[in-house]
Amino acid sequence: MNERAKDGRMTTDEELLVDYAERLERHRTGRRAVQIHLSQLRPYNQRPHHIRVAKQILEPLVKRFDAGVYQLWNNDVVALTKGASEDDIDIYVRQIKAMFKEDPLFSAPPSPSRRPPPFCSWYDIEVDWENFVELARRHSDDRRKANAQAAAATKSGAPLEDGRGTMINPAILEKLEKAIINADLANVLRRQQVFAIIPGAKPTPILTELFFSMPFLAQTVAPGYNVTADKALFQHLARVLDTRMLALMPRQDYQPMLKNASLNLSLGTVLSPEFIDFDRATNNKERGPLAIELPATDYFSDPDDFAFARDFLKERGYKIILDQVKYQLLPMLDRDQLNVDLVKVIWTPAFYDDCTSTQGERMQAAIDRFGRERIILCRVDSEQGLEIGDKLGISLFQGRLLDAMAQAKI
């Protein structure tokens, strides 16, 4: 439910819309509204993060035309503007439509027997005020009916479980969460550079990855407890840590770090309200380009949400890095379908063995298909990593060996 605080109580967007619309009876001139029927999209395109992104796309209308943006109970979104033309509004409506271009509402071939319903309903408040007020009241009534029919939500007290079904100790979870909230994260902030290595030249840093060390924090707070062994716990705490990072980075003392940097985040974090707040606070010309690293596991587990997040990030000017790619999977990935800027392939000794044997040609073909300049060989801790990377035409590397080389100024 989408609610806002008003006069000490929670008020729904429908109630706010009714209140505002009714007060426009004597102030209709120049008012125009659009109802975007996101409810017509397939359910998998109506998740909370889809609605949040759609509302964010409409934000320029709030600044330019004193607009109000309201999310209705059925996931439709209404924008009510002052002084905007239909063309002014349609610019942003088309951006929202483009985000869902793969939805059957738009991608299905037209049928002569059935015309698809309109994606938008337009209202010129000066002449349609009565109809618009009736629309707002009807949706407010529908919200109340839906609330009356819904069962009271029950809070779940079930503890988290790891991949083996082992019960997680709630006391440890609470302790770690409090530690993340209260910790001086400067102590757990890690920076690791990506270097370009060209034969005959010194390694050149081109990008700095920023991330917080969860294992270090866990061992500081709960020594002896292997947080990485509990998958559900680790993912939950990583999300809490991501949220803290997004809250800290807009601070003046952190913002300079964002230049020529990448942030290692999860798909869930990128699709969260906290990321939208971070983007709003930092996305400016002074910051420059910023890359977001998304784990390959998120792509494989939910390719639709990954594509949605990727398109949203690209629209906002971010570069996308697909992180944590096992080298065995590289030949199976489709560059055009992924549509990312860079791919981080994990170095292991087995990578060297396979690429110097029968798998060499297959791996070379995959790297060539992606583009050698798009591949970062990461976690390199051995000279063999540089050797096989050079043989395959890779020029971007990251890892402890490169850190040591940089410190030695080799």
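The values are calculated or read from the model by the stated rules, or taken from the named source; none is laboratory data. Since the structure is predicted, the reported quantities are computational estimates derived from the model, not experimental observations. Positions of Cβ are backbone-derived with ideal geometry, glycine not excepted, and every protein chain shown enters the neighbour counts. Note: areas computed on protein heavy atoms with side chains; ligands, DNA, RNA excluded. Shrake-Rupley method; radii C 1.70, N 1.55, O 1.52, S 1.80 Å.
The trypsin sites (Lys or Arg not before Pro) of segment 342-410 that meet both conditions, a loop assignment by DSSP and at most 14 other Cβ atoms within 10 Å of the site Cβ, are 409. Net charge near residue 400: determine it from the other residues with C-beta under 11 Å of the C-beta of residue 400, scoring Lys and Arg +1 and Asp and Glu -1. Once positives and negatives cancel, what remains is -1.
The heavy atoms of residue 315 offer some 120 square angstrom of accessible surface to a 1.4 angstrom probe. Estimated at the nearest 10 Å², the accessible area of residue 352 is 40 Å² with a 1.4 Å probe.
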